[in-house]
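Colleague: Just dropping this structure here.
The values are calculated or read from the model by the stated rules, or taken from the named source; none is laboratory data. The model shown is predicted, which means the values in this text are computed figures rather than measured ones. Heads up, the Cβs are rebuilt from the backbone with ideal geometry, glycines too, and the neighbour counts pull from every protein chain shown. Keep in mind that these areas ignore ligands, DNA and RNA; they rest on the heavy atoms of the full protein, side chains included. Shrake-Rupley method; radii C 1.70, N 1.55, O 1.52, S 1.80 Å.
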Amino acid sequence: MRLSILLLAVGLAAPFHGLLPVALQAQDLRAPVARAQDARAPDARAQDTRPIEIPDLFRQATIGQVTLSPAGDRVLYTFTPPSYPDPARDQQIHLAMLDGSEDRAMTHAKGARNQGAQWHPSGDFFGFTSTRAGNGRQLFVMSPEGGEPWQVTSVDGGISSWGWSADGSHLAYLSGRGMEAQLRVVDGEGRGAHRALTTHPTPLSSFQWGETGNHIYFLAPDAWDEGEYRRRREGYEARPIQRGLVFDDFIHLHAEHLWRVEASGGDARRITSGDYLVRGFEESPVGGMLAVIMAPRDPHIDNRPNEVYLVNEAGGAPVRLTDNDVSESLVGFSPDGAWLAISAQKDFAGSGINEIYVRPVAGAAGAAGAAGAANSEWTAVTRSYDSEVSNATWSADGERLYFVGNDGVNQNLYMVGARDSRVTRLTDLRGVVSIADGSDARVAVLGFSDPTRPEDLHAAPWDRLGDSGAWLKLTDANPWVEEIQLARTETVRWRSPDGTEIEGLVVYPLDHDPSRRYPLITEIHGGPAAVFENRFLPTPAAPHRAYGHLLAAMGYAFFLPNYRGSSGYGDEFRTEIAGDYWTRATEDIHAGIDHLIEQGLADPDALGFMGWSAGGHWSNWMLVTSDRFKAISSGAGVANWISLYAQTDNQASREFYLGRDPALGAANKPWDDFDHWWAESPLRYIENATTPTLLHYGELDQRIPMPQGQELHLALKSLGVPTEFMVYPGEDHALSQPRNRLVKLMSDLGWFEMWIRGADTWLEWDEVLEMGKRIEEVLAAPGPGPG
């Protein structure tokens, strides 16, 4: 097989249309946000575009670590350019003005990771960590006007975390190896003398300034095993497996707890105790009270994920606010400290959708008998929404919370009343949105992506989130996309045999001819509680998956179904496959393919199938239950649920989907219902397999370990089914090395080309090596930068 090689000529992106006021009232915005009903096709791009090529999949830059200035007039973010053949080593701090007038790089050190920017409370300067000094992550401070940053720390091995006090008068940082991991403090500008703040008997793991700026909270284990530390540092990898199931840190050797130390110095005071691990905490804005998440230290003894407690610093036992079998996360206190919000699964049970829960906490830390009311005093304020929620943040007045809701193939912004639980939809988007920074009372910084644009930052007033004309685009991280002729992506809906409406995405071949049928590749997402959405695909983190635009340029149609078990369609839709993993979802997928055949798009004699993780599970299931596919590519998929149960790092998910009852202590293990677990295993039906199948596994994958692939591969080889087994050394569940991502991508394409279109070979290493060089050339070529 000969794949085309890209030779790029990179052009310049269009400039901004002039300056826009800070009030964000302007309507003349470059690239306005798409509404759900917006049916604009990518054909509206300039006529001098070209089809996407393999190197383009490795060109995406990413934006992260967004922080808004105290004045709300500018934003700092981390810009990570693409990198090949090694993972990204170059990260820069950028600054964008919220009036759209400027977006520029603040740091320029090549080959250095500049990240974690934080504004000084005055807004006059900011800090960040950088590896530019060549001795780990060191702390630097610089002016937003530019110039050279000044180096604050120069400690052996670098620092692990840092932060300013509320008034900006002090700067604290955590540094040191092993027992020497302690807090140091310097003046707010980082120019004066440094002093040790803690000499704790065990090393500190993290810290956070208190609300007043007069004290610091930190986490530290109750004991320290110096021999264990030295073993790791000196490269002795052997260890007793009883300390963990797969990860050697699965069981912590010692409890870890919360302490308080005054910024002026002195002895630290213990806040929490017991055989627990403090996983997170937040101080009430009015002070004196902490919300703390604690988890059991040893999951073999107590396998509850965690619980939420309220701690009164004045003393007294912690008040337990939850008592259940699921994991909770803190959303935070309301601005007046009267309410606490958390996120947890529906009804505090199972593996269904997550909801936002709110409860009053004023006075609760001292309330007698409050522990007995755990769970009952929480109100699920998003219950009427019935879909996944994320990015929740309190409004400035504490009357409502804003959040991002999953609406099938799209995401939208919502708000919900903290007291009346009234959910209001604020946007109607065709795309994916996130709240990148919701700390300012006036304006939100949002991330947005759609099928034609990778993610960029936008600013919008909180009271005009629903008006896309009020969204001001702040960044243009990937201007090269304007050069590309992108395929048309549409939402498609069909009925499954039981009458349920199913939704997904279809990417049409470039220059689609309605009178022709095309080979169709169906990709299944992982999870299975995940979803394919109207975002730019593939993502920078996974160019080897969901590469529909590339397949479209090669003359394929590409299908992304959101089958039963997916997120974004309500709790019942998501959990319906528990206990009967395959039936409904398999019907959904086949019905979707049938629909595309009936519509005249797909050639029924030229079907391919692929997926990773849960998508690999379904690939393996299709292998043994259907002969309609000409080729299958299966990544990190299960062969045998029984053997996987002991191999994987995640038993809870298997107990939910296979064990039929997710409750702790329930009869949901393989030995409780051996026949059922075996009946759900693809290996049980391997003699039905006939489809040529390409297998992919990370050598160190702990979620779906490589032995699952070995079981399947040996069986297919023994039965004479065409198969190849790709192993990626050093890789875990997600491929992280760009070279391996390229190999996976090109082997998939070759597999489909050979078994669907009749190519002679499926993988030529000289082509892979040549393509790798082309990618390096493309990334090194001058072109339009972000702005």
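Colleague: Give me the one-decimal nm value for the distance between modelled label points at Thr625 and Gln737, 7 Å along each residue's Cα-to-Cβ direction.
Modeller: Inter-label distance under the simple model: 3.5 nm.
Colleague: Additional query: In the full protein assembly as shown, how much of Asp99 is accessible to a 1.4 Å probe, in Å² to the nearest 10?
Modeller: That residue has around 30 Å² of solvent-accessible surface.
Colleague: Considering only protein heavy atoms and a 1.4 Å probe, what is the carbon-and-sulfur percentage of the accessible area of region 684-781?
Modeller: C and S fraction of accessible area: 50 percent.
Colleague: Still on this structure, please answer the following. Say each of Glu764 and Asp397 gets a label point 7 Å from the Cα, pointing the same way as Cα to Cβ; how far apart are those two points in nm?
Modeller: 6.8 nm
Colleague: Less than 27 Å apart at the alpha-carbon level, and either on another chain or at least 8 residues along: which lysines does that give for Lys346?
Modeller: Counting by Cα, and skipping residues close in sequence, Lys346 has these lysines nearby: Lys669.
Colleague: Show me the ranking of peptides 349-356, 109-116 by mean Cβ neighbours inside 10 Å, starting with the highest.
Modeller: 349-356, 109-116
Colleague: Evaluate the distance, in nm, between pseudo-label points positioned 7 Å from the Cα of Leu253 and of Asp225 along their respective Cα→Cβ axes.
Modeller: Rounded to a tenth, the inter-label distance reads 0.4 nm.
Colleague: Given a 1.4 Å probe, how much area per residue of the chain is accessible, in Å²?
Modeller: 39 Å²
Colleague: While we're looking at this one, here's another question. Cα gyration tensor of region 58-203, axes a ≥ b ≥ c as square roots of the eigenvalues: rounded (a/c below 1.5), prolate (a/b > b/c) or oblate? Don't skip to the answer; put the middle values down first.
Modeller: Details: a/c = 2.25, a/b = 1.29, b/c = 1.74.
The shape class here is oblate.
Colleague: Lysines near Lys773 by alpha-carbon distance under 21 Å, same-chain residues fewer than 8 away left out - which ones?
Modeller: Lys110, Lys744
Colleague: Which order do peptides 222-232, 81-91 fall in by mean Cβ count within 10 Å, highest first?
Modeller: Working: 222-232: 12.6, 81-91: 15.9.
Result, highest mean Cβ count within 10 Å first: 81-91, 222-232.
Colleague: What does DSSP give for the chain in terms of the percent of beta bridges that are antiparallel, rounded to the nearest 5?
Modeller: 80 percent
Colleague: To continue, here is another question. Hey, with R₀ at 22 Å, roughly what FRET efficiency would Glu148 and Ser264 work out to, going by the Cβ-Cβ distance, to 0.05?
Modeller: 0.10
Colleague: Leaving ligands, DNA and RNA out of it, work out the accessible area of Met179 with a 1.4 Å probe and give it in Å² to the nearest 10.
Modeller: 70 Å²
Colleague: Which FRET efficiency value, to the nearest 0.05, do you get for Asp156 and Thr202 by plugging their Cβ-Cβ distance into 1/(1 + (r/R0)^6) with R0 = 25 Å?
Modeller: Here the calculated transfer efficiency is 0.80.
Colleague: Still on this structure, please answer the following. Suppose only helical runs count, i.e. DSSP H with n ≥ 4. What mean residue ellipticity at 222 nm does that imply for the chain under -39500 (n - 2.57) per run, divided by all residues and rounded to the nearest 500 deg cm²/dmol?
Modeller: Value at 222 nm, helices only, nearest 500: -4500 deg cm²/dmol.
Colleague: Leaving ligands and nucleic acids out of the surface, order Phe629, Phe207 by accessible area at 1.4 Å, largest first.
Modeller: Phe207, Phe629
Colleague: Further question on the same structure: Counting only protein heavy atoms, what percent of the accessible surface of region 557-651 is carbon or sulfur at a 1.4 Å probe?
Modeller: Of the solvent-accessible surface of region 557-651, carbon and sulfur hold 40 percent.
Colleague: Rounded, prolate or oblate, given the Cα gyration tensor of region 632-782, with a/c below 1.5 counting as rounded?
Modeller: Cα axes put region 632-782 in the oblate bin.
Colleague: Hey, for a label at Arg493 modelled as a point 7 Å past Cα toward Cβ, could you say which residues of region 376-394 have their backbone N under 20 Å away?
Modeller: Counting only backbone N, you get 385-388.
Colleague: Tell me which residues come under 5 Å, amide H to amide H, from Ile484 once H is placed; ignore anything under 5 positions away on its chain.
Modeller: Amide H neighbours of Ile484, under 5 Å, 5+ apart: Arg50.
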